[in-house]
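Structure record follows, encoded as structure tokens.
The values are calculated or read from the model by the stated rules, or taken from the named source; none is laboratory data. Predicted, not measured: the structure shown is a model, and the values here were computed from it. Here the Cβ is made from the backbone with ideal geometry for all residues, glycine too, and neighbour counts use every protein chain on show. These area figures cover heavy atoms from the full protein model, side chains too; ligands, DNA and RNA do not enter into them. Shrake-Rupley method; radii C 1.70, N 1.55, O 1.52, S 1.80 Å.
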Amino acid sequence: MSGLLGALRFLTRVPIPGRGDVPHQRAVPWFPMAGLLIGAAVGGVGAGLAEWLSPALAATLAVVVGLLITGAFHEDGLADCADAFGGGWDREQRLAILKDSRHGTYGVAALCASIVVRVFAAASIPGQAALFAGFVVAHTLGRAAAVGVLAWVRPADPAAQGLGVSAGRHLSGTAVVASLLAAGVVAAVATGWWVAPLIVAAVGGAAAVAALSVRKIGGVVGDALGAVEQVVECLVLVVVAALAARHTLWWA
């Protein structure tokens, strides 16, 4: 359980009891399970408020709760990557922009787009059960995608010591496979046969961001993992909205 607690400490702003930092290589495989808990909290808020508020307002408040829980951690990575990949002229300039804590036009646009897509996708999901399941699966698969990219895509700077390199260097292949399988099981239990198109969307989104990162800076960094999570989370919610409009969730 120390790995899960370490993952929650790293990915959220929730005060987690306990002392000592858990090594990244032990915490990272637990990212999907941390995503499950975050998604359950966000989905619970959205589904609960949908009983009293309009779908748009319930979805908005649910997404805001997610931002508060995570401290907009992954959103920051997405914005940094948008600024670097969109505004940098060469690899060195892009890496320099990634290290700059300020956000430019590309970053702000990407950040706004991510929030708008999630809000509108969630607001268009009919039924409280599907809304809850959608948030759970989106957050779980988003973190699982980041684990897969971290494990199998080369780092942009092998000499760096950030999460994008240090954890990936020491991750156990068995732990990564177990992490991804656990995320798939969670998604399957939450959505039934919907899991197939949702996993396709997650893999496609993660592969696209990873390929862009390799092309622009030669590999991945921590910010790219945040971008992976955000793109996958958005895509999964969009696919859930499309499926829920025509099919009933198996346990609803």
Which condition from (1) open to solvent by 70 Å² or more (accessible area, probe 1.4 Å); (2) assigned to a helix (DSSP H, G or I) is the one that S101 breaks? (2)
Considering each of L150, L131 in turn, give the residue that is assigned to a helix (DSSP H, G or I) and under 14 Å from the mean Cα position of the chain (by Cα). L150
Taking the stretch 1-29 and keeping only residues that are out of contact with any Pro (no Cβ under 9 Å at 6 or more places or on another chain) and within 18 Å of E233 (Cβ to Cβ), one is left with L8, F10, L11, T12, R13, V28
Those residues of the stretch 184-201 which are more than 18 Å from L131 (Cα to Cα) and either touching a strand residue (DSSP E or B) at 6+ places or on another chain (Cβ under 7 Å) or surrounded by 15 or more Cβ atoms within 10 Å (Cβ to Cβ) (or both) amount to G184
Yes/no for L131 being crowded, with 24+ Cβ neighbours inside 10 Å, in contact (Cβ under 8 Å) with a residue 60 or more places away in the chain and over 26 Å from A156 (Cβ atoms): yes
So, A182, is that one more than 21 Å from I115 (Cα to Cα), out of contact with any Leu (no Cβ under 7 Å at 6 or more places or on another chain) and free of Cβ contacts under 8 Å to residues at least 12 places away in the same chain or not? no
Quick test of your reading of the structure: P126 fulfils all but one of (1) in a helix (DSSP H, G or I); (2) open to solvent by 20 Å² or more (accessible area, probe 1.4 Å); (3) touching a residue at least 40 places away in the same chain (Cβ under 8 Å); (4) not charged (D, E, K, R). Name the failing condition by number. (1)
If we take the stretch 1-81, then helices (runs of 4 or more DSSP H) inside it with 3 or more residues that are within 16 Å of R118 (Cα to Cα) and open to solvent by less than 60 Å² (accessible area, probe 1.4 Å) are 31-49, 55-70
From the list G142, G204, which residue is within 27 Å of L111 (Cα to Cα), surrounded by fewer than 16 Cβ atoms within 10 Å (Cβ to Cβ) and within 15 Å of the chain's Cα centre (by Cα)? G204
Answer residue from the stretch 93-121, given it is of a type in the set (D, E, K, R) and modelled with pLDDT of 95 or more and is nearest to the chain's Cα centre (by Cα) among those: R118
Out of all the residues in the stretch 82-98, which are open to solvent by 50 Å² or more (accessible area, probe 1.4 Å) and either under 30 Å from A245 (Cβ atoms) or among the acidic types (D, E) (or both)? D90, E92
Residue set V236, V200, V209; condition touching a Gly at 6+ places or on another chain (Cβ under 9 Å), in a helix (DSSP H, G or I) and either at pLDDT below 95 or β-branched (V, I, T) (or both); output residue V236
Hey, among the residues in the stretch 156-182 that are over 30 Å from R94 (Cβ atoms) and of a type in the set (A, V, I, L, M), which one's modelled with the lowest pLDDT? A175
Would you please list the contacts, defined by Cβ atoms under 8 Å and residues six or more apart or on different chains, that run from a residue in the stretch 239-252 that is in contact (Cβ under 8 Å) with a residue 40 or more places away in the chain to a residue that is of a type in the set (S, T, N, Q) and in a loop (DSSP other than H, G, I, E, B)? A241/S124; A245/S124
